[in-house]
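Heads up: the structure comes next, in C-alpha cells.
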Amino acid sequence: QVRPVESGGGLVQAGGSLRLSCIASGRTLSSRAMGWLRQAPGKERTFVAGISWSGESTRYTDSVQGRFTVSRDNGKDTVYLQMNSLKPEDTAVYYCAAHRGLWGTDNIDEYIYWGQGTQVTVSS
C-alpha cells in the first residue's frame, strides 16, 4: 500500500509561487500514476493535475493549465506540484493521491491511496 505524505503548503500572496512535494512511504509509487487534487472550503474535492507512472504524460484541469506543473522523481519516490501565478481561488487543501493504474485519469474515484493534505492559502 502506498502512503503519500504531502508538504510545502502555506500562505502566499496572489501572484506568488509554491512547490508542493509528495513522498511515498510503504510501497514505491513508481508503478502508479499520481495525482494532485484539492478541496476548497465548502466545495467538493476536484482533480488538479496528474502524471503517469513514467512521467511522460501529464494532464491538468483547465483552471491551472499554464500555471501549475506536475513532475515526479521515481528514484526519490516523490511527486511535485509547482504552482505559479497563484490566485485566491486556488486556496484549498491539496491532496496527493496514487491512481489505481499506470496512466491516470481525472476521475477522482480512481485514486485509491490518499495523503492527509496540505493547506494552501492565497491572499489577495
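The values are calculated or read from the model by the stated rules, or taken from the named source; none is laboratory data. Given the structure is predicted, the values throughout are model-derived calculations rather than measurements. Reconstructed Cβ throughout: ideal geometry from the backbone, glycine too, with neighbour counts over all protein chains shown. Note: accessible area is taken over every heavy atom of the protein model, side chains too, but ligands, DNA and RNA are not part of it. Shrake-Rupley method; radii C 1.70, N 1.55, O 1.52, S 1.80 Å.
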Test for Gly35: is it touching a Phe, Trp or Tyr at 6+ places or on another chain (Cβ under 8 Å), open to solvent by less than 40 Å² (accessible area, probe 1.4 Å) and not hydrophobic (A, V, I, L, M, F, W, C): yes
First in the stretch 56-77 and more than 13 Å from Ala33 (Cβ to Cβ) and open to solvent by 60 Å² or more (accessible area, probe 1.4 Å), second anywhere and of a type in the set (S, T, N, Q) and part of a strand (DSSP E or B), Cβ under 9 Å, 6 or more apart: Thr69/Thr58; Thr69/Gln82
When residues of the stretch 1-29 are limited to those that are open to solvent by 80 Å² or more (accessible area, probe 1.4 Å) and among the charged types (D, E, K, R), the one modelled with the lowest pLDDT: Arg27
Qualifying residue in the stretch 39-53 (condition: over 23 Å from Ser85 (Cα atoms), surrounded by 21 or more Cβ atoms within 10 Å (Cβ to Cβ) and touching a residue at least 24 places away in the same chain (Cβ under 8 Å)): no
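Would the stretch 92-110 turn up any residue that is over 14 Å from the mean Cα position of the chain (by Cα), open to solvent by less than 50 Å² (accessible area, probe 1.4 Å) and free of Cβ contacts under 8 Å to residues at least 40 places away in the same chain? Walk me through how you get there before you give the answer.
Our first condition is that a residue be over 14 Å from the mean Cα position of the chain (by Cα); within the stretch 92-110, this holds for 100-103, 109-110.
Then keep just the ones that are open to solvent by less than 50 Å² (accessible area, probe 1.4 Å); that gives 101, 110.
If we keep only those that are free of Cβ contacts under 8 Å to residues at least 40 places away in the same chain too, we end up with 110.
Yes: the stretch 92-110 contains one or more residues that are over 14 Å from the mean Cα position of the chain (by Cα), open to solvent by less than 50 Å² (accessible area, probe 1.4 Å) and free of Cβ contacts under 8 Å to residues at least 40 places away in the same chain.
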